[in-house]
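Take a look at the structure set out below.
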Amino acid sequence: DMNAGLRQLVEQIQATSKADFSAMSPRAFEDLVADILRAVGFSADKMPHRSDTEVDLRATYQRTDPFGSPETEVWLVQAKLYSHARVSIDAIRALAGALAVAPGYTRGLLVTNAQLTSVALEYVADLKRHPNLRLQVLDGMDLKRLLRQFPAVAERHFGGEAAESKPESGGDS
């Protein structure tokens, strides 16, 4: 149905056009990331905030292995909201460090509204060569694609007064 397809496309474009990350606080961005993960099929819980950890959320994903047995993937998630900067290697290195001491086959996910620096992109590519350290990065383009895919999440966080006030002191989370 072409009309239904056009309506869906308009909804998706409207959802991302409202996405103003500069009006979000770091906590609101974490909530957005948790909602996106839930929309994709994860179960996500916030981690207690401590200064010695680079993990904001613990997410689990239920899937079935090739033999029909259920499996639970555990993901440690870092949500990084940037006001002006690009994602540096330090944010990725910190999450990789948390993964290195995590039990079993825990995976890592860094979600950001920004782009990665070229050095950070190279570092992520290097990490993918280590089979025991599974880390994925969703940058600003990936995040907007997901917001287009799940316009209800975008509306909940950017549709009016749902977004919290600007980040404190203009810093990055």
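For the subset of region 45-87 comprising residues that are hydroxyl-bearing (Ser, Thr, Tyr) and over 18 Å from PRO103 (Cβ atoms), which member is modelled with the lowest pLDDT? Break it down stepwise before answering.
Just the residues of region 45-87 that are hydroxyl-bearing (Ser, Thr, Tyr), to begin with: 51, 53, 60-61, 64, 69, 72, 82-83.
Among the residues that remain, those that are also over 18 Å from PRO103 (Cβ atoms) are: 51, 64, 69, 82-83.
Values: SER51: 53, THR64: 92, SER69: 94, TYR82: 91, SER83: 84.
So the residue we want is SER51.
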- Query: Going by the structure shown, is SER25 modelled with pLDDT of 75 or more, within 29 Å of ALA96 (Cα to Cα), surrounded by fewer than 20 Cβ atoms within 10 Å (Cβ to Cβ) and among the hydroxyl-bearing types (Ser, Thr, Tyr)?
  - Reply: yes
- Item | Exclusive hit being farther than 22 Å from PHE21 by Cα, touching a helix residue (DSSP H, G or I) at 6+ places or on another chain (Cβ under 8 Å) and surrounded by 13 or more Cβ atoms within 10 Å (Cβ to Cβ), set THR106, THR117, THR112 | THR106
- Message: Condition check: closer than 20 Å to MET141 by Cα, touching a residue at least 40 places away in the same chain (Cβ under 8 Å) and surrounded by fewer than 21 Cβ atoms within 10 Å (Cβ to Cβ). Does SER88 satisfy that?
- Response: no
- Flagged in region 80-110 as under 12 Å from TYR123 (Cβ atoms) and touching a strand residue (DSSP E or B) at 6+ places or on another chain (Cβ under 7 Å), in numbering order, are VAL87, ALA91, ILE92, LEU95, ALA96, LEU110
- Of those in region 139-172 that are modelled with pLDDT under 55 and of a type in the set (S, T, N, Q), the residue nearest to MET24 (Cα to Cα) is SER165
- Subset of region 56-85 (residues that are basic (Lys, Arg) and in contact (Cβ under 8 Å) with a residue 12 or more places away in the chain): ARG58, LYS80
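Please verify whether region 117-127 includes one or more residues that are in a strand (DSSP E or B) and within 17 Å of the chain's Cα centre (by Cα).
Residues of region 117-127 in a strand (DSSP E or B): none.
No, region 117-127 contains no residue that is in a strand (DSSP E or B) and within 17 Å of the chain's Cα centre (by Cα).
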- Task: Select from region 43-101 the residues that are part of a loop (DSSP other than H, G, I, E, B) and among the aliphatic types (A, V, I, L, M) and write down the one among them that is farthest from LEU133 (Cα to Cα).
- Result: ALA85
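The values are calculated or read from the model by the stated rules, or taken from the named source; none is laboratory data. Keep in mind it's a predicted model, so treat the numbers as computed, not measured. Please note: Cβ atoms are built from the backbone with ideal geometry, for glycine as well, and neighbour counts cover all protein chains shown.
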